[in-house]
Every structure is written in C-alpha cells, then in structure tokens.
Amino acid sequence: MHQQYQKAKTGKILLICFTVCSVIYLALLYWINQRVDVADISGCETAGAEDMEYKIEKVSCMYDYIDIRGYAYQPGVSLLTADTELLAYDAASGLYYRLPTEQVKKPKLTKQADDGCNYDYAQFRSVTLQKKIPDGSRICIWYKGNGANTLIQTDEVIYY
C-alpha cells in the first residue's frame, strides 16, 4: 500500500543536491571575483600628486596571484561614497583592464591626515590571477569617490 519513508535514501539525495548547489555557487562566486574586463575610461579627468593623495603600498605575487594594496583620496574632502577601482594599463595594446577591487576600511588614513575629513574607506585591495593581466602593465587608480571620475597614473608596473 504505502511505501515506507526511507531516511537514509532521502538524506543522501538531499546531501547530493546541497553539494551540487554549493559547487555551482562557489564556481560562480570565483568567476565573478576573478573577472577582468576592458574598462572604458573616456570622460575621465587625469590627476596627479598635486590633486590627490594616493599610494600603491604593496604589490606582491604569490601562487599565481597578484595582490595589490593601496589608497586614494582627495585631500580636504570627506569620502562619502567609496568607489575606487584598480586598472592595469597595457601600453602594447593601449587598453585599460579593470581589476576586481574591494574597498577596505583603514581608519589610520583619517588619523594621519588629521584635517577633520573622513578617509576611512579610501583603502583598496585587488587579488587577481597573473595570467589575466598582461606582464608589464602599469597600475592605475580609477577614483570615483563622491561622484568624481578621475584617472590616476601611478609609477607602479606589474612584473611577474
């Protein structure tokens, strides 16, 4: 008449479904976080050390990944919206590649500036697979904080 409920079989099916969904989720997350695409910088203003306070603090290569850390902010203007992206400029092709960038809280920047403005989220970090960036690319900062659209050319070059 009625088939008896089978705990073991149902548990295995649920475990397989959960595992498959988890693997798909992690694969999508990895793909999104490692996406490097060409950036359109038309309409950007260019800025240098006289207009912006910026620094690439660390560039390191480990296990086929490039880790880039630094900060950028406009002195005297509190950072209301943190939106900074790292770009890799390949001179051979003339293209700017947008690197996956995350904003990092660093209250030390606000304390160091000591000008009454908030620069807590001026710090950024990017971790990218080496093979996605052309060797010899120049690191650029695309500063879009507080609605700005500013391109900062740094002296840092990626070699691996």
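The values are calculated or read from the model by the stated rules, or taken from the named source; none is laboratory data. Small disclaimer: the values here were computed from a predicted structure and weren't measured. Neighbour counts are summed over all protein chains in view; Cβ atoms, including those assigned to glycine, are modelled from backbone coordinates with ideal geometry. The protein model used for the area step is the full one, side chains on, heavy atoms only, and it has no ligands, DNA or RNA in it. Shrake-Rupley method; radii C 1.70, N 1.55, O 1.52, S 1.80 Å.
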> Which order do K105, K111 take when ranked by solvent-accessible area (1.4 Å probe, heavy atoms of all protein chains), largest first?
Replying inline: K111, K105
> Quick one: accessible area per residue over the chain, 1.4 Å probe, rounded to a whole number of Å²?
Replying inline: 64 Å²
> Based on the Cβ-Cβ distance from T46 to L15, what FRET efficiency comes out when R0 is 35 Å, to the nearest 0.05?
Replying inline: 0.05
> For the chain, what's the relative contact order in percent, using C-alpha pairs closer than 8 Å and at least 6 residues apart?
Replying inline: 25 percent
> Per the 1.4 Å probe, what fraction of the accessible area of the stretch 1-122, in percent, lies on carbon and sulfur atoms?
Replying inline: 57 percent
> How much length, in nm to one decimal, is gained on full extension between D115 and Q6, taken as 0.36 nm per residue of separation minus their Cα-Cα distance?
Replying inline: 32.4 nm
>> Quick check for the chain: number of Lys pairs with alpha-carbon distance under 25 Å, counting only pairs 8 or more apart or on different chains?
In response: 19
> Which entry in [x] 83, 42, 30; [y] 50, 29, 26; [z] 82, 50, 36 is this structure's computed Cα extents along the principal axes in Å?
Replying inline: [x]
